[in-house]
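Student: Here it is, the structure in full.
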Amino acid sequence: MPRVTADVTANVPADVTDPRARLAVLASGGGSNLQAILDHFAALGASAPGAVVLVVSDRAAAGALDRARRAGIATTHLPARENHRLLACLEAAGVTHVALAGYLRLIPSEVVAAFRGRLVNIHPALLPAFGGPGMFGHHVHEAVIRAGVATTGATVHFVDERYDEGAVIAQWAVPVHPTDDAEAVAARVLAVEHRLYPRCVAALCAGALRLEAGRVVTAPSLPFERFVPADAPPSHSA
Ligand code: GRF
């Protein structure tokens, strides 16, 4: 697999005449959440509040990069040792908003500062449960099984300087059945991630979600219920 470098994005100009959000998605894995965002924005068509303009991964072989290439989106492979270049990559691509989708690197503090309130993540559990350093991927779902809880889910939150501690935007609970293993739980959670995250990202890009004094504020003109699926249990914050 050829290494794709940040140079790929160096000549991507920001269209200053387009007021829509220019979204970067950062992913280390297969990129199914990236795909869900792409599909949602495509379904919104001309009313989409933004476009994915850049996909960044610390892993050259990440499926997310393949998905981006197939969609004609600029890609950057940013190995861990080059993490300090992340802000420059985002700025070079004219990025206005950032969505983490299974990105396993801590976001540099200067990126958090530059994109505070425009930088979100999805975590495959109901934070603050089963979050923090080391709680990613299968580790989360294995911990859920070990703990014997009856409910888990997905959490969308703003990103701050610490893993999984930013203000919660939305949560969607799913049951954990006694016969479940970690794979079964992961699949159930991922299915709701794909429905919840694109809607939250779209709301963020539309300016309907803001972070004020560390708290999530939703625009009265676009009530939360407009972008949380109608069949989601009422477990989101407001
Ligand atoms: C998702 O479960 C997400 O919640 C977590 O990492 C996983 C990424 O999956 N942060 P994918 O690469 O989007 O398929």
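The values are calculated or read from the model by the stated rules, or taken from the named source; none is laboratory data. Only a predicted model underlies this, so the values are computations on that prediction, with no experimental measurement involved. Quick reminder, even Gly has a Cβ in these numbers, built from the backbone with ideal geometry, and neighbours come from all protein chains shown.
Student: Looking at Leu86, Leu65, Leu54, Leu78, can you tell me which residue is within 14 Å of the ligand (Cβ to nearest atom), touching a strand residue (DSSP E or B) at 6+ places or on another chain (Cβ under 8 Å) and among the hydrophobic types (A, V, I, L, M, F, W, C)?
Tutor: After ruling out the rest, the residue left standing is Leu65.
Student: Which is acidic (Asp, Glu) and either touching a helix residue (DSSP H, G or I) at 6+ places or on another chain (Cβ under 6 Å) or on the phi > 0 side of the Ramachandran plot (or both), of Glu142, Glu82?
Tutor: Every option except Glu142 fails the conditions.
Student: Output yes when any residue across the stretch 8-27 is touching a strand residue (DSSP E or B) at 6+ places or on another chain (Cβ under 6 Å), at pLDDT below 95 and buried (at least 22 other Cβ atoms within 10 Å of the Cβ), and no when none is.
Tutor: The answer is yes; a qualifying residue exists.
Student: Has the stretch 57-64 got at least one residue that is acidic (Asp, Glu) and assigned to a helix (DSSP H, G or I)?
Tutor: no
Student: Also, I was wondering about something else. How do the pairs read when you match residues in the stretch 61-74 that are of a type in the set (Val, Ile, Thr) with residues anywhere that are surrounded by 20 or more Cβ atoms within 10 Å (Cβ to Cβ), using Cβ under 6 Å and keeping only pairs 6 or more apart or on different chains?
Tutor: Every condition considered, the pairs that remain are Ile73/Val52; Ile73/Val55.
Student: Still on this structure: Of the numbered conditions (1) within 16 Å of the ligand (Cβ to nearest atom); (2) in a loop (DSSP other than H, G, I, E, B), Gly72 satisfies every one except a single condition; which is it?
Tutor: (1)
Student: Let me confirm something: among Ala203, Ala154, Ala170, Ala150, which residue is in contact with a Cys (Cβ under 6 Å, 6 or more places away or on another chain) and touching a residue at least 24 places away in the same chain (Cβ under 8 Å)?
Tutor: Ala170
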